[in-house]
Amino acid sequence: MRWFRARRSAGDPPARQSRGSGALLLWFALSLAFMPGAAQARDLLKIGVLDYAGAEHSRDHWEPTRAALAAALPDHRFEIVALDLSQLETALRENQIDFVITNPGNYAEIEQRYHVSRIATAEDDAPVASTLVTTSDIATLKDLAGKRLAIVSPEAFGGFQTVWLEMASADAGLPRRVKLEVTGYPMQKAAEAVLDGSADAAVLRGCMLEQLRRDAPARYGRLHAFAENEQASAEAGCALSTPIYPGWPFAKARGTSPVLAKRVAIALMQMQEGNFWTVPLDYQPVHALMRTLQIGPYARTGPVSLRAFVSDYRDWIIAFGIALMFWGIYSVRIETLVRRRTRSLDEANAALTREIAERKRAEEADRRHRRELEHVARLSILGEMATSIAHELNQPLSAISNYAQGCLLRMRVGRFTEADMQRATQEMADQAERAATVIKRIRAFVGKRERRLDRVALPALIEDCSAIYSGSARRAGVEVVTDIAPVLPEIIADGVQLQQVILNLVQNAIDAMGEEPPENRWLKLRVVPHADLMRGKGVRISVRDRGYGMSDAAMDHFAEAFYTTKSEGIGLGLALSRSIVEAHGGWMRAERPEDGVGLRVIVWLPEGESA
């Protein structure tokens, strides 16, 4: 590996430049070799190496270390065993290896789980960092949102976790918006995923992009790094997307003799070529990363212990303690003030009780006043239709009179049979019933009453209204066209109040067309199901006329109390109608028709229970 060899120069530590103490260390190592504990060591010692680029690459890369150890400890044979993450853990759990060379992230996990101990740290090796690569125009970490990112494993330190921290630092929600494509080892598979289009970007170990380009420029030349960390890239001499972390540790397994580990450590420090090793470095940056991401030894897999809770929330606990202390002081003061203010609160409570009673009396008076206004409005509507109603009553009464006179004449001339009497009597009874029905509907409409809610079938309600407004419409020469949907939901309402609303709208429409030519005097009463976006399912009732309409200023004051466009109006009809509709949980508004002629007033009422 050649990433850092050029940087080993006059700046090296004196111990590396001058090997004068090498003979002394060699003598010390040979002395240890003949100690009683060493004589019992196994002949074959296995060094488990994390394999990220293929077994052959791992053995070739660490061969100088194996050879140096074999030369320094001739009484032992050393073997490099290339393992992936899961195989490495299995080997440690079953005591199949004596030493471990792995990345810092994996070491932080196995240190806590299998009690391995680092005895050296690699230096002048490939930097422990990550490089993000792509063939597209992705330029920043945030550009990865919604993209596919190829990684070798979620547990890979340089192959994912360092980039994970950078993404979380840039945007806490970014890792959730990136789709991970796990390729497995070797790491070249992640780069291949980008090249074959199964991923948009990939995470590679630091400086691996440059190695791939040197080894196979035709294949990997299209890959380029992005989201570069300028400081880390300048320090490493290759494109990096994350900071540089401490190098790979050389650690002994739990069952390895400390004396043997000491001999191995001395041999590592004396290496003159190939891999270079130094004293174990501080791995706190690695632990800080895992603590932030809550992975590895810091993963929360069960109930949180009290110590961990206190450690995580120490500042909050201190703040809560201070707040609790102030709350205690405040409580003592409040307890003192409560006794002083009890008497004034009792007095205020008595005053509030009186005020509530007054308010209830005022609300009851307001309800009575509203009922009076509604009654007056109904009488006003009835007064406007009085001539038409009289005409409606005059027809059946005139028919009864005519039938009676006809019977008398036929009786005088002796031509009145029993069958004629039955037919005439039935006709008079029918006309009398017709007159009684009109009077009954009028009495029900104008009578004072409390609001009563019940299920209302709108077709029947419109038919009852028609009996009252039809005469007024004929007298004014207005044709009333009704359009009622065949299927309508029932509503819960006060039928008489809804009659008042419909009759008021129809009468206003008739009045608005008084000056129009006869051929233009028609209004349309339409009832259809309609779902309001905010309130749900319901029924829409619209009354459209072809009269003089309303100006923009009048539209702004639509249905306001005491505002009217009629010369003799008092401005209560529409205001009361709107209050009735809103009391039933609906709304009422006016709009200009599509052709701009006349006015359309729309009432919407909810299906089922009213408000």
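The values are calculated or read from the model by the stated rules, or taken from the named source; none is laboratory data. As the structure is a prediction and not an experimental result, all values here were calculated from the model. Ideal geometry is used to build each Cβ from the backbone, glycine not excepted, and the neighbour counts take in all protein chains shown. When the accessible area is computed, the model is the full protein with side chains, heavy atoms only, and any ligands, DNA or RNA have been set aside. Shrake-Rupley method; radii C 1.70, N 1.55, O 1.52, S 1.80 Å.
Side notes on the structure shown:
- For the range 221-259, the set of residues classified as farther than 18 Å from residue 99 by Cβ, touching a strand residue (DSSP E or B) at 6+ places or on another chain (Cβ under 9 Å) and outside any loop (DSSP other than H, G, I, E, B) consists of 224, 225, 226, 233, 245, listed by residue number.
- Matching residues in the range 465-508 - criterion: being assigned to a helix (DSSP H, G or I) and open to solvent by 30 Å² or more (accessible area, probe 1.4 Å): 466, 474, 475, 476, 508
- Residue in the range 185-202 that is over 21 Å from residue 288 (Cβ atoms) and assigned to a strand (DSSP E or B) present: yes
- Condition met for residue 156 (over 25 Å from residue 299 (Cβ atoms) and of a type in the set (A, V, I, L, M, F, W, C)): no
- Residue within the range 219-232 that is in contact with a Ser or Thr (Cβ under 8 Å, 6 or more places away or on another chain) and within 30 Å of residue 94 (Cα to Cα) present: no
- Residue within the range 287-303 that is open to solvent by 100 Å² or more (accessible area, probe 1.4 Å), over 23 Å from residue 165 (Cα atoms), in a helix (DSSP H, G or I) and modelled with pLDDT under 85 present: no
Residue by residue, here is whether (1) in contact with a Leu (Cβ under 8 Å, 6 or more places away or on another chain); (2) closer than 24 Å to residue 246 by Cβ; (3) part of a strand (DSSP E or B); (4) not assigned by the TED database to the domain that holds residue 198 holds:
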{"position": "57", "(1), (2), (3), (4)": "no, yes, no, yes"}
{"position": "61", "(1), (2), (3), (4)": "no, yes, no, yes"}
{"position": "67", "(1), (2), (3), (4)": "no, no, no, yes"}
{"position": "86", "(1), (2), (3), (4)": "no, yes, no, yes"}
{"position": "91", "(1), (2), (3), (4)": "yes, yes, no, yes"}
{"position": "105", "(1), (2), (3), (4)": "yes, yes, no, yes"}
{"position": "111", "(1), (2), (3), (4)": "no, yes, no, yes"}
{"position": "120", "(1), (2), (3), (4)": "yes, yes, yes, yes"}
{"position": "143", "(1), (2), (3), (4)": "no, no, no, no"}
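- Considering the conditions (1) within 17 Å of residue 255 (Cβ to Cβ); (2) open to solvent by 30 Å² or more (accessible area, probe 1.4 Å); (3) not in a helix (DSSP H, G or I), residue 100 is excluded by exactly one of them, (2).
- Within the range 150-184, considering residues that are open to solvent by 30 Å² or more (accessible area, probe 1.4 Å) and part of a loop (DSSP other than H, G, I, E, B), the one nearest to residue 202 (Cα to Cα): 183
Residue-by-condition table, conditions (1) modelled with pLDDT of 70 or more; (2) surrounded by fewer than 13 Cβ atoms within 10 Å (Cβ to Cβ); (3) not aliphatic (A, V, I, L, M):
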| site | (1), (2), (3) |
| --- | --- |
| 388 | no, no, yes |
| 408 | yes, yes, no |
| 411 | yes, yes, no |
| 433 | yes, yes, yes |
| 445 | no, no, yes |
| 451 | no, no, yes |
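- Within the range 563-594, the set of residues being at pLDDT 85 or above, open to solvent by 50 Å² or more (accessible area, probe 1.4 Å) and farther than 18 Å from residue 543 by Cα is empty.
- Residue within the range 70-89 that is under 50 Å from the mean Cα position of the chain (by Cα), open to solvent by less than 30 Å² (accessible area, probe 1.4 Å) and without any contact (Cβ under 8 Å) to a residue 40 or more places away in the chain present: yes
- All positions within the range 211-256 that are hydroxyl-bearing (Ser, Thr, Tyr) and over 22 Å from residue 106 (Cα atoms): 220, 233
- Whenever a residue of the range 508-519 is outside the structural domain of residue 477 (by the TED database), it has no partner that is exposed (fewer than 12 other Cβ atoms within 10 Å of the Cβ) lying with C-beta atoms less than 6 angstrom away and at least six residues away or across chains.
- Scanning the range 117-146 for residues that are surrounded by fewer than 21 Cβ atoms within 10 Å (Cβ to Cβ) and β-branched (Val, Ile, Thr) yields 135, 138, 140.
- Between 251, 201, 234, 225, the distinction of being of a type outside the set (S, T, N, Q), free of Cβ contacts under 8 Å to residues at least 40 places away in the same chain and out of contact with any Pro (no Cβ under 8 Å at 6 or more places or on another chain) belongs to 234 only.
- Listed by first and then second residue, the pairs with beta-carbon distance under 8 Å, at least 6 apart or on different chains, first residue in the range 114-132 and at positive phi and among the acidic types (Asp, Glu), second surrounded by 22 or more Cβ atoms within 10 Å (Cβ to Cβ) and modelled with pLDDT under 90, are 124/276.
- Positions within the range 521-556 being polar (S, T, N, Q) and touching a residue at least 40 places away in the same chain (Cβ under 8 Å), in sequence order: 542
- Entry remark, the range 112-125: residues being at pLDDT below 90 and either in contact with a His (Cβ under 9 Å, 6 or more places away or on another chain) or charged (D, E, K, R) (or both) number 4 in total.
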